[in-house]
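The values are calculated or read from the model by the stated rules, or taken from the named source; none is laboratory data. What you are looking at is a predicted structure, and each value in this text was computed from that prediction instead of being measured. Cβ placement follows ideal geometry from the backbone for every residue including glycine, while neighbour counts extend to all protein chains displayed.
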Amino acid sequence: MKCREFGASGIKASVVGLGAWVIGGGVGWGEEPDDNESIRAIHAALDAGVDLIDTAPVYGYGRSERVVGIAIKGRREKVVVATKCGLWWDDCRGSFFLEYDGKRVYRSLRPDTIRIEIESSLKRLSTDYIDLYQTHWPAVDPEKTPIAETIDCLLELKKEGKIRAIGVSNTSFEELKENIACGEVVTLQPRYSMLCREIEKEILPYCMSNNIATLAYSPLEQGLLTGKVGMDRVFGPDEWRSNTDWNPWFKPENRVRVLAMLETWKDLTAAYGCTLAQLVIAWTVAQPGLTHALCGTRGVSQAVENADGGRIDITAEDLTRITRDVDALGSPW
Ligand SMILES: NC(=O)c1ccc[n+]([C@@H]2O[C@H](COP(=O)([O-])OP(=O)(O)OC[C@H]3O[C@@H](n4cnc5c(N)ncnc54)[C@H](OP(=O)(O)O)[C@@H]3O)[C@@H](O)[C@H]2O)c1
């Protein structure tokens, strides 16, 4: 498994990370995960060389962090634990974000809510430090905490030894630069897959020149790029994958085109002795400036399959061919 640095933090992590959103369950993910299977999946990923786990308090309102905490007991030092702050549901501090699974969630990067969040995360993860602490979404009006105030709070947490490094997620290019200017931000977690490449224009080149690691989220386009979500797969009305504003690739007319493209890569998966998911993961972490892929994982077999994607090197010629094919699909946005 290849490993790459989180900027200048001194922390190195496997290029394939385990994304623990689905492990939190909830109506957005359809079939409820089994916690014991999730723990086995995390162990299988660690055994296969993955040492990066990305979670967040809001994933299952604490459930994902708790499951990760149980799974890493006895192996804490070998794991790079990444979690987040900024999506808050204890009270109505912050700016309203969404109502989900019976709770109202607010975007808050106020120092007082972050101070409460970090203690809850440490408890749920059964640890006394977090390796990478990321702001989940930027603050917005009406309660738009200045970026400098949030970063000051995170720098204090770092000084206190509660976190080892600071990251941000879901920022615009301008917000990213402002966060970095305030100090010690070493990672960005953006949405990125071969079907969603907006950040290639400005953000990835900037991160590459400024030594910022980039942790791609939803790199498998929520399973579509594994080839295992066929035309017959139906998602419930409350599932994330039914939200075709967020993910227009799941619309039947787009899904059919993606599946047809994946069909044409059979010679590639045969040549590399890999699955489609592994080919997609290997393409993703081979993109300039893209350092890590956080692959959402439900169960042991997905964990092992995704981990092995981190071992494959695709030739320059094949990378170009794959990129040409995805370019030909155009954008559904
Ligand atoms: N910062 C943010 O705002 C943000 C937002 C989204 C995600 N994330 C992070 O990024 C991680 C990954 O994103 P994601 O879960 O949205 O999307 P993803 O990694 O693109 O897709 C995950 C889904 O793909 C399917 N899958 C994964 N591996 C598979 C395999 N080998 N074979 C077949 N199907 C497979 C599973 O679907 P089934 O459920 O159908 O089995 C799984 O739930 C999250 O867990 C989270 O850590 C962060």
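Summary of values
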read-out: Contacts under 6 angstrom Cβ, first residue in the range 5-28 being in contact (Cβ under 8 Å) with a residue 40 or more places away in the chain and within 8 Å of the ligand (Cβ to nearest atom), partner of a type in the set (A, V, I, L, M, F, W, C) and not in a strand (DSSP E or B), 6 or more apart; value: L18/A45; L18/V50; A20/V68; V22/W29; I23/V67
read-out: Residues satisfying the stated conditions in the range 88-121, i.e. part of a loop (DSSP other than H, G, I, E, B), at pLDDT below 95 and within 22 Å of the chain's Cα centre (by Cα); value: D101
read-out: Close pairs (6 angstrom Cβ cut-off, 6 or more residues apart or separate chains): among the aromatic types (F, W, Y) in the range 218-241, within 11 Å of the ligand (Cβ to nearest atom) anywhere; value: F235/R241; W240/G28
read-out: Test: residue in the range 22-32 that is part of a loop (DSSP other than H, G, I, E, B), surrounded by 15 or more Cβ atoms within 10 Å (Cβ to Cβ) and within 18 Å of the chain's Cα centre (by Cα); value: yes
read-out: Subset tally (residues that are without any contact (Cβ under 8 Å) to a residue 60 or more places away in the chain and small (G, A, S)) for the range 298-327; value: 2
read-out: Search result, residues across the range 286-310 that are surrounded by fewer than 22 Cβ atoms within 10 Å (Cβ to Cβ) and more than 8 Å from the ligand (Cβ to nearest atom); value: A286, Q287, P288, G289, V300, V304, D308
read-out: Residue list for the range 311-320, restricted to those being in a helix (DSSP H, G or I) and either crowded, with 16+ Cβ neighbours inside 10 Å or within 14 Å of the ligand (Cβ to nearest atom) (or both); value: R311, D318
read-out: Selection within the range 207-236 - more than 10 Å from the ligand (Cβ to nearest atom), surrounded by 18 or more Cβ atoms within 10 Å (Cβ to Cβ) and of a type in the set (S, T, Y); value: T214
read-out: Extreme residue, surrounded by the most Cβ atoms within 10 Å (Cβ to Cβ), among residues of the range 53-109 that are over 21 Å from F6 (Cα atoms) and basic (K, R); value: R107
read-out: Answer from S193, S242 - the residue that is in contact with a Gly (Cβ under 9 Å, 6 or more places away or on another chain), within 16 Å of the ligand (Cβ to nearest atom) and either of a type outside the set (D, E) or within 27 Å of C92 (Cα to Cα) (or both); value: S242
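For every residue, the table says whether it meets (1) at positive phi; (2) away from the ligand (no atom under 15 Å from the Cβ).
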position: D54; (1), (2): no, no
position: V68; (1), (2): no, no
position: G74; (1), (2): yes, yes
position: C85; (1), (2): no, no
position: C92; (1), (2): no, yes
position: L98; (1), (2): no, no
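The rows are residues; the columns are (1) closer than 27 Å to K201 by Cα; (2) within 16 Å of the ligand (Cβ to nearest atom).
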position	(1), (2)
V140	yes, yes
I147	yes, no
R164	no, no
F173	yes, no
L176	yes, yes
A181	yes, no
E184	yes, no
